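Have a look at the structure below before the remarks.
What follows is calculated from the coordinates using simple rules that are stated; it is not laboratory data. All figures in this text were calculated on a predicted structure; none of them were measured in a lab. Reconstructed Cβ throughout: ideal geometry from the backbone, glycine too, with neighbour counts over all protein chains shown.
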Amino acid sequence: MVGALHCTGTPTEQAHAQPEGLRDNRPLSRCLWYPKPLMTDRYAVFGHPIAHSKSPLIHGLFAQATGQALEYTAIEAPLEGFRDTLLAFRAAGGRGANVTLPFKLQAFELATHPSEAARMAGAANALKFDGERILAENFDGMGLVNDLQRNLGVALAGKRVLLCGAGGATRGAILPIAAEKPALMAVANRTAAKAHALQADFANHLALHTGGYEDLGGMTFDVVINATSTGLSQDRLPLPPDVFARDALAYDMVYGKGLTPFLQQATEAGVDRLADGVGMLVEQAAEAFVWWRGVRPDTRTVIDRLTVPLT
Ligand code: ATR
């Protein structure tokens with residue numbers, strides 16, 4: 001921070017940290033002559049559009065509950081201007097950022113130090129600035145797993161898990177789910193070739209069953225996750241009804257849309273354990289908060305506050 005004197009070390013060391021001409025071995029208490037600016041740590045979520053984002057509300061509630069002094073805003077970067085907008089934010093003192101559509105791939109590319117989760121997803125949803133270094137993370141998958149296991153009480157170990165869709169959302173979810181040791185993991189996608197491509201990319205990590213929806217005939221799953229964008233488009237997936245096991249959980253990654261076509265479809269197949277992605281949203285935010293601030297916020301009250309009934 002410009003103008004800050006860090007009053008640590010011995011009085012002699014402190015004296016040498018003072019600007020030329022002012023070295024007089026004054027004790028620690030005299031350091032006040034060179035004030036440290038009282039700047040609130042700044043964070044923001046970047047996207048386009050961004051007005052709908054719940055992240056400022058979520059992080060504001062986390063900050064309030066944990067007593068952290070920080071500012072968190074939403075910034076709409078121009079479609080061709082993500083890099084410049086983000087770097088200007090960093091230059092103005094930004095400490096970290098969340099990134100949402102359509103900039104997650106660019107955020108990953110800008111990172112100097114991406115985590116393994118970000119590398120495997122090929123996308124970042126959280127950044128931390130550390131001098132010239134840009135650290136990147138992808139907490140979406142961890143947010144999903146935490147929501148499934150901690151909030152919804154579905155232990156993934158030994159379960160049969162189906163991910164519908166083969167885009168970025170699925171890519172980010174594969175390793176965190178695999179880490180919980182399910183009995184079977186499958187990815188089905190409208191364009192089967194994209195699902196097969198994922199199998200090749202993750203071949204060193206796990207055995208993934210991949211194909212089109214028509215290839216699911218005769219297969220049954222305990223957890224069926226919709227990671228396609230159909231929650232927004234109102235389209236249905238061509239899922240065989242017996243894809244849902246008895247007591248299966250149907251999980252749609254979109255949030256706040258009530259009973260989406262996928263959840264409706266699951267209901268018609270007899271499924272009564274339904275969830276949307278509100279918990280995933282709050283849990284990924286909590287992971288970013290811990291990463292930035294070193295304090296874990298409680299998520300339950302925030303999830304309850306944001307939950308829209310599935311009707
Ligand atoms: P994201 O990063 O959110 O995963 P994406 O990479 O654009 O978004 O991927 C969108 C996913 O939704 C894809 O798996 C897409 O299927 P295709 O690969 O065949 O395009 C899936 N999707 C979108 N609309 C769909 C629809 N009407 N029916 C079935 N799948 C659909």
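Annotations for the structure displayed:
- Charge tally in the Cβ shell below 12 Å around residue 220, where Lys, Arg are +1 and Asp, Glu are -1, residue 220 excluded: 0
- Given charges at Cβ of Lys, Arg, Asp, Glu: the chain dipole, positive-most of 107, 266, 219: 107
- Once the Cα-Cα distance is subtracted from the 0.36 nm per residue extended length, the residue 296 to residue 232 segment shows a gain of 19.9 nm.
- More than 31 angstrom apart: percent of Cα pairs within the chain: 38
- Magnitude of the charge dipole, the chain, Cβ model with Lys/Arg +1 and Asp/Glu -1, debye to 20: 600
- Phi angles of segment 295-311 translate, via the Karplus equation with coefficients 6.51, -1.76, 1.60 and θ = phi - 60°, into HN-Hα couplings of 10, 8, x, 6, 9, 4, 5, 6, 4, 4, 5, 8, 5, 10, x, 8, 10 Hz per residue; Gly and Pro are given as x.
- Principal axis box of segment 141-278, alpha-carbon based, largest edge first, Å: 37, 31, 26
- Principal axis box of segment 41-138, alpha-carbon based, largest edge first, Å: 32, 25, 25
- Cβ charges +1 (Lys, Arg) and -1 (Asp, Glu), total dipole of segment 141-278, debye: 220
- With 22 Å as the limit on Cα-Cα distance, the pairs of 159/194; 104/181; 54/194; 104/194 that go past it are 159/194; 104/181; 54/194.
- Helix 192-201 vs. the chain, principal-axis angle (Cα, 0 to 90°, nearest 10): 50
- Computed from Cα positions, the angle between helix 278-293 and the longest principal axis of the chain comes to roughly 30 degrees.
- Between residue 126 and 99, 137, 139, the built amide H atoms are under 5 Å apart, and every one of these is 5 or more places off in sequence or on another chain.
- Ignoring aspartates and glutamates fewer than eight residues from residue 257 along the same chain, the ones with Cα atoms less than 12 angstrom from its Cα are 276.
- Rounded to 5, percent antiparallel among DSSP beta bridges of the chain: 20
- Residue of 288, 124, 269 that the Gaussian network model of the chain assigns the largest fluctuation, springs spanning Cα pairs under 10 Å: 269
- Table column - 3J(HN,Hα) (Hz), segment 247-257, Karplus curve with 6.51, -1.76, 1.60, x for Gly and Pro: 6, 5, 9, 9, 10, 9, 5, 6, 9, x, 10
- As a ratio to 2.2 N^0.38 Å, the alpha-carbon radius of gyration for segment 202-291 is 1.19.
- A simple count of charges around residue 150, restricted to other residues whose Cβ falls under 13 Å of its Cβ and scoring Lys, Arg +1 and Asp, Glu -1, yields -3.
- Relative to the current alpha-carbon distance between residue 65 and residue 105, full extension at 0.36 nm per residue lengthens the span by 11.2 nm.
- For the chain, the longest principal axis of the C-alpha atoms and the axis of helix 168-178 are separated by about 90°.
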